[in-house]
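See below for the structure under consideration.
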Amino acid sequence: MSMADEADVIVIGGGIVGASLAYGLARRGRSVCLLDEGDDAFRAARGNFGLVWVQGKGAGTPQYARWTLRSAAAWPAFASELTAETGIDLELSQPGGFHLCLSDAELAGRQVLLSGLRDSLDVDYPFELLDHSATARLCPHIGRDVVGASFGQLDGHVSPLRLLRALLQALSQRGGRLATGQKVTAIAHRAGAFDVTTESGRFGAARVVLAAGLGNRELAPMVGLEAPVVPNRGEILVSERLQPFLHHPTAHVRQTGEGGVQLGDSKEDVGYDDRTARAELARIASRAVRMFPLLGRVNVVRAWGALRVMTADGLPIYEASTSHPGAFVVTCHSGITLAAVHADALAQWLGGGTQPAEIAPFLAARLEHVQATHSH
Amino acid sequence: MFKRLTPTEGAPVDVEVDGERVTARAGESVAAALLNAGRVPLRHTPISGAPRAPVCMMGVCFECLVEIDGMPNVQACMVPVRRGMRIRTQHETRRVEVDDAR
């Protein structure tokens, strides 16, 4: 075992959430060590659909809606900065996004959800409800089964893989360290500092941030916190590359910057199983073909499953340890949408700054009596 | 560049490649027929535009994608030639909404 490597902050978890925080801390001048478990870990960041999504998030919890709005608004500058630092085009586009509806009941549900959200907020919450022909004017190629859509003007999408690569490269350029193959086995707190033991080394820092996705469940009690997160599987198919035909993201179908069309997704309670299931893939594909009939003749080249990191109410946990000052837990299931605000306001808090007002409610204790809803 | 090791094996099979007649041999794959006819590259890649030709000839590398009878991005090494088959080499990204109008 090597001697403990010292840094200002250790971030545990090399996915989108951990990398966003590590980058945000490094750009504030902190020395950062980012510990990544390895390719045998469940890697939500590699299976993500890639939406930067606002519409529908935070019903009943206006703080979450405001936090989401803040991040979506910060995304253009965040992406420009990362591209300027790394030369990597993140393929960010925020032209507004559609939630296509295949029944009148679904469309009516969108109306209730989104107007309720708008009424709960004291800020602008731009969305429109469109019938079939109004949807088709903005989004050609929709099928007859699409009765209409909700259109959120702030919605967008990004390449999650390019984002992850850019964050890790920018972290390294700013002097941060990425240590891979580091499964954390113990976290000790001595004399105001943390000593993190992994299967192959030891790392020391004054602060430690747990951003290990599903791994946070076991890590949090090591620093006097709780992270009652559970897996929820989503499956995605991706097509051959096509010339651009779909210029807006939709909640279930989006065309990537390189031309492939991603078809999502499922919400399955199947434990720690990230494989694909043929019946679920068939359901996803047939829904996508009802939405865009031209996809019926397109070749699918790949399909995968990945595990969302879910709390019982679907909302994040952002919490500082009182028993182990300097330790924090961060978990959410919208690591892409929230990346911009994680790299900015949240990183500032984790580095010793003030806590962003929006996140005060997101403590683990609220979850003790919550029934699982998997709401967004 | 390529020549058949058994030039007389298999009955002649006429196929169409980019609108021109090419004589293949029964039992060989589309990829083999294209290589024998000197029809390389089979495609240019969608992102960088790099030329591509078959590498593995056994269904693994996905370099030999061509359009066969109107279906783009088919692995040429995995499809035997058939009389009258219409094969197109691919030099731009598939345009799916144009297929709609066909």
> By counting other Cβ atoms within 10 Å of each Cβ, how are A:PHE42, B:PHE2, B:PHE62 ranked from fewest to most?
Replying inline: B:PHE2, B:PHE62, A:PHE42
> Could you give the length gained on full extension between A:TRP304 and A:LEU363, defined as 0.36 nm per residue of separation minus the Cα-Cα distance, in nm?
Replying inline: 18.0 nm
> Highest GNM mean-square fluctuation, chain B, Cα pairs closer than 10 Å: which of B:ALA26, B:ALA50, B:ALA37?
Replying inline: B:ALA50
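For A:ARG290, B:ARG83, what ranking results if the residue with the fewest other Cβ atoms within 10 Å of its Cβ goes first?
With the fewest neighbours first, A:ARG290, B:ARG83 line up as B:ARG83, A:ARG290.
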> FRET efficiency for A:GLN348 and A:SER200, Cβ-Cβ distance as r, R0 = 35 Å, nearest 0.05?
Replying inline: 0.65
> So what's the gap between the Cα centers of segment A:326-341 and segment A:22-52, to the nearest angstrom?
Replying inline: 10 Å
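Give the calculated FRET efficiency between A:ALA186 and B:LYS3 to the nearest 0.05, with a Förster radius of 60 Å applied to their Cβ-Cβ distance. Before the final figure, lay out each step's value.
Working: r = 66 Å, r/R0 = 1.10.
According to the calculation, E is roughly 0.35.
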> What percent does the relative contact order of chain B come to when contacts are Cα pairs within less than 8 Å and at least six residues apart?
Replying inline: 30 percent
> Hey, got the average number of other protein chain Cβ atoms within 10 angstrom for residues in A:237-243?
Replying inline: 5
>> Under 8 Å for C-alpha pairs, at least 6 residues apart: give me the relative contact order for chain A, rounded to a whole percent.
In response: 25 percent
> Any idea what angle helix A:104-120 forms with the longest principal axis of chain A, computed on alpha-carbon atoms, 0 to 90 degrees, nearest 10?
Replying inline: 50 degrees
> What lysines could a cross-link reach from A:LYS57, if we take a straight Cα to Cα line under 18 Å and drop same-chain neighbours fewer than 8 places away?
Replying inline: A:LYS267
>> Under a crude label model (7 Å from the Cα following the beta-carbon direction), how far is A:SER286 from B:HIS44 in nanometres?
In response: 4.1 nm
> Which ³J(HN,Hα) values in Hz, rounded to whole numbers, follow from the phi angles of segment A:293-302 under the Karplus curve 6.51 cos²θ - 1.76 cosθ + 1.60, where θ = phi - 60° and Gly and Pro get x?
Replying inline: x, 5, 5, x, 9, 9, 7, 8, 9, 7
> Expressed as a rounded percentage, what relative contact order does segment A:97-153 have, with Cα pairs under 8 Å and six or more residues apart?
Replying inline: 56 percent
> Peptides A:185-195, A:87-97, B:38-48: what's the order by average Cβ count within 10 Å, highest mean first?
Replying inline: A:87-97, B:38-48, A:185-195
> In peptide A:295-301, how many Cβ atoms from other protein chains are near each Cβ within 10 Å, on average?
Replying inline: 3
> Gap in Å between the Cα centre of segment A:201-217 and the Cα centre of segment A:244-304?
Replying inline: 34 Å
> If one takes the longest principal axis of the Cα atoms in chain A, at what angle in degrees, from 0 to 90 and to the nearest 10, does the Cα axis of helix A:62-86 lie?
Replying inline: 80 degrees
>> Give the average, rounded to an integer, of partner chain Cβ atoms located within 10 angstrom of each Cβ in B:41-51.
In response: 1
> Which cysteines does the protein assembly as shown leave without a neighbouring Cys Cβ under 4.7 Å?
Replying inline: A:CYS33, A:CYS101, A:CYS139, A:CYS332, B:CYS64, B:CYS77
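Rounded to the nearest 500, what is the 222 nm mean residue ellipticity of chain A from helices alone, with -39500 (n - 2.57) per DSSP H run of 4+ residues and division by all residues?
Numbers: 8 runs with 96 residues, N = 376.
The helix-only estimate for chain A comes to -8000 deg cm²/dmol at 222 nm.
Read the figures in this text as sums done on the coordinates, not as results from a lab. All of these numbers come straight from a predicted model, not from anything done at the bench. Counting neighbours? That spans all protein chains shown, and the Cβs are built from the backbone with ideal geometry, glycine included.
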